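The next block holds one structure in the form of structure tokens; read it before the comments.
The values are calculated or read from the model by the stated rules, or taken from the named source; none is laboratory data. Predicted model only: the values in this text are computed from it and were never measured. Cβ sites come from the backbone with ideal geometry, for glycine too, and all protein chains shown count toward neighbours.
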Amino acid sequence: MLVCALSFINSNELWSQRTIGAPELQDFAACADSFFNSFTVIATLSPGDALPSNNEFILELSDPNGSFDDPNAITILDTAPGPNNGSASESEIRFENFPIPEDANSDNYRLRVRTTTDPPIFSSLSDPTAFHFFRNDIDLFLNERQDVIFCNVSSFSKTLSIRLEDLDGNAVAADSFEWEWFRNGSLIVGETTPNLVVTEVGTYFARIPLGNCQNFFTFEETNRVDVSLVDVSTAFIENADPMGDFAFCPNDTKVLQSSLQDTRFTYQWFKDDVAIDGEVGPTITLPTNEFAGVYSLSISLSEDCTLDENQIPPVTVINEGSSITQPLPENLILLPTQTINLEIMTDAPDGSTFRWFVETNPQTQGVLSGGTTSLEAQFVGLYRVEIDALDACNSFLFSESNILAPTGFTVVIGPQGENVCDSDSFVLELKEIIGQTTVDGLEVPLTEEQLGFFDYEWRRNGIPTGDTTTSITVSSSDIGDVYTLFATLRTREFVDVPSNDLTVAPIPPGTVITADPLVLTEGGSVTLSVPSDPGYTYQWFTVVDGEDVPIDGETNNTLVVTEQGEYGVTVTSAICEVRLDPVIIGSQGVTEIIPNIITPNGDNINDNWFLPDSLFNQADVEVTIYDINGQVDFSGVSYQNNWPFENSKSSGQNPIYYYIITKNNSVVRKGSITVMR
């Protein structure tokens, strides 16, 4: 028995004398992401007797500082079942294709290997080794990828913030990462949060520090944001031709441009203080006719810098030649038996010559007198007038009109006026008749004169009403009745052309938004609803900074709300549109409901207009109520829920009023009040 014991002791002493070399990562660093996370480590086992057959080798990772002192900070990366056999030479202990932890982010980790024997054998520690896991399934947005531009300031302070979202558009907390900030390529020492206050111009970006793995990853850096100051004195309007001035002939190429041109900027050109539709680029090409005037420009360089049209010096453009001041309509419909008088007006001098053509065929010519020339058009075709002006530019002027035969008509009817839902009766009227043509997709509205070439008949639910003018008075109580206007061309080529059907579908006064349940619980939802009617359309919106922001796709009579906020809906029927007063959804239930109807009849029920507690009797809340003509009926702070009985200039006699509520000079609510007696 003693011999057996000695034999065991000697065997234990022999295998316990084996040593394990420092484990080596088979890469320069462990740089992992959501698409690649597989690594191999090899350690060397010295020669010696066999280890116990049930022994395992365990690969351990230190804390980020390279220490194994805290057992709770040690991470087991992998295990290997051998080699446990005796060997006269060194053996490899292989840990293959193991992942690293997703919170690994240090260059100073160390590795070690231990056995499960008793006592265990510990390897030497590895050299400091970089282990970094980067989430490359996120997008990084610095300042919403917008540059920062200041103007008209001597100093500034701006906070740049980082926003993260995953590939599905879900928000990721930026403060769950450590950050490094750079200005003009140099590290800003000590800035490690996702927000940075900048007070100097330069190019800024931030990145997630990944040590020796920094160059391994592609998306760990944010976009660059340029922070700059603009000298407003450098903003002016110039001729695109550096040798030109602002006096042009009609046939000249006339291009004005901004001295500040950048794809990041937005522009708006003005002529004679009126914004020019569609001219929102850094340059504007002036038309052949009617180009003279005063041109100005506004430039929005960033949310922090806008130069309006009064800050950029305007320029006066002079027409040294002549122009057509009233051109021909681009397209016209020619009805049977009709003759159209085509006329242009021009400021070309008397004595200038003009020529009229149909297609390419000359029709008439003559000498201009009194600034106008005309031609009677009896046939379809392309009509053109040309003028050789006797001016300093020898201006060549022309105008064209395409006259087309109709192949059909579209008749459009609608209500006359607005807010007809609030009336006992309203008027339906002919809005327009549109001529269809053989030109693909081209439709041409008829002129007011041409509407007189038709006879009309109104029908209610398909039955003639006896009304044969272009309008009809309808009772709001005729709910569900369908009105149609039939138009017949008196020459009988087109008979009983129907208009769109218009259903009498008033939106009842007092329609409000209801909520179920009344309280928005954590993780729960509230369903907002208004009455459903097939004759209505709906558009839900949220109120942000006093403005209605439509919610894309929410066009039913219900809205499911999962976030706190202020929600409203616009209900539209064929005859009117009503914006229902919004409600505020909060964790304490549906609050801030502002009534849109009062009944001041002296019964002490709903006689006055009541505001919720957060707006009642508040010194920083101003209430202004307007009558239907826009005149102020009441205005004041610390509102006492006493309008109209105590403070209405009109004693609340009008049927409709409008209100605006501001808090600290910012609009928080606006809407209408219907007075029912």
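When THR624, THR542 are checked against the criterion of being more than 27 Å from SER425 (Cα to Cα), under 24 Å from the mean Cα position of the chain (by Cα), assigned by TED's automatic domain parsing to the domain that holds THR662 and modelled with pLDDT of 90 or more, a single residue qualifies: THR542.
Considering ASP175, ASP168, ASP139, ASP118, which residue is part of a helix (DSSP H, G or I) and modelled with pLDDT under 95?
Unique residue meeting the criteria: ASP175.
The set of residues in the range 286-303 being over 20 Å from CYS151 (Cα atoms) and in contact with a Leu (Cβ under 8 Å, 6 or more places away or on another chain) consists of LEU286, THR288, ASN289, TYR295. Which of (1) over 30 Å from PRO506 (Cα atoms); (2) modelled with pLDDT under 95 is the odd one out, the single condition SER425 does not satisfy? So SER425 meets the others, but not (1). Quick check on ILE188: is it free of Cβ contacts under 8 Å to residues at least 12 places away in the same chain, touching a Leu at 6+ places or on another chain (Cβ under 9 Å) and not assigned by TED's automatic domain parsing to the domain that holds ASP107? Yes, satisfied. Of all residues in the range 50-61, one or more are outside any helix (DSSP H, G or I), under 49 Å from the mean Cα position of the chain (by Cα) and at pLDDT 95 or above. ASN641 passes every criterion in (1) in contact with a Leu (Cβ under 9 Å, 6 or more places away or on another chain); (2) in contact (Cβ under 8 Å) with a residue 40 or more places away in the chain; (3) over 19 Å from GLY546 (Cα atoms) apart from (2).
Does the range 178-197 hold any residues that are assigned to a strand (DSSP E or B) and surrounded by 10 or more Cβ atoms within 10 Å (Cβ to Cβ), and which are they?
Once the filter is applied, which keeps residues that are assigned to a strand (DSSP E or B) and surrounded by 10 or more Cβ atoms within 10 Å (Cβ to Cβ), the range 178-197 yields GLU180, TRP181, PHE182, ARG183, LEU187, ILE188, ASN195, LEU196.
Of the residues in the range 25-42, at least one is more than 49 Å from the chain's Cα centre (by Cα), within 14 Å of PHE98 (Cβ to Cβ) and either not in a strand (DSSP E or B) or not assigned by TED's automatic domain parsing to the domain that holds THR79 (or both). Remark: ALA130 falls outside the filter, which requires a residue to be assigned by TED's automatic domain parsing to the domain that holds LEU45, exposed (fewer than 15 other Cβ atoms within 10 Å of the Cβ), of a type in the set (A, V, I, L, M) and in contact with a Ser or Thr (Cβ under 8 Å, 6 or more places away or on another chain). Scanning the range 535-579 for residues that are of a type in the set (A, V, I, L, M) and part of a loop (DSSP other than H, G, I, E, B) gives ILE551, ALA574, ILE575. As for the range 257-273, it holds at least one residue that is closer than 30 Å to GLU386 by Cβ and surrounded by 16 or more Cβ atoms within 10 Å (Cβ to Cβ). Of all the residues in the range 640-677, those that are modelled with pLDDT under 85 and either of a type in the set (A, V, I, L, M) or assigned to a loop (DSSP other than H, G, I, E, B) (or both) number 6. Counting the residues of the range 655-673 that are surrounded by fewer than 17 Cβ atoms within 10 Å (Cβ to Cβ) and closer than 17 Å to GLY630 by Cα gives 4. Within the bounds of the range 408-427, is there any residue that is in contact with a Cys (Cβ under 6 Å, 6 or more places away or on another chain) and either in a loop (DSSP other than H, G, I, E, B) or farther than 30 Å from ILE340 by Cβ (or both)? Checking the range 408-427: at least one residue is in contact with a Cys (Cβ under 6 Å, 6 or more places away or on another chain) and either in a loop (DSSP other than H, G, I, E, B) or farther than 30 Å from ILE340 by Cβ (or both). Only one of the listed residues (THR484, THR491) is within 30 Å of LEU335 (Cβ to Cβ), surrounded by fewer than 16 Cβ atoms within 10 Å (Cβ to Cβ) and not assigned by TED's automatic domain parsing to the domain that holds THR572. That residue is THR491.
Per-residue answers, yes or no, for (1) crowded, with 16+ Cβ neighbours inside 10 Å; (2) without any contact (Cβ under 8 Å) to a residue 40 or more places away in the chain; (3) assigned by TED's automatic domain parsing to the domain that holds LYS158; (4) not polar (S, T, N, Q):
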residue: THR199; (1), (2), (3), (4): no, no, yes, no
residue: THR203; (1), (2), (3), (4): no, yes, yes, no
residue: ASN215; (1), (2), (3), (4): no, yes, yes, no
residue: PHE219; (1), (2), (3), (4): no, no, yes, yes
residue: THR222; (1), (2), (3), (4): yes, no, yes, no
residue: VAL225; (1), (2), (3), (4): yes, no, yes, yes
residue: PHE236; (1), (2), (3), (4): no, no, no, yes
residue: ASN239; (1), (2), (3), (4): yes, yes, no, no
residue: GLY244; (1), (2), (3), (4): no, yes, no, yes
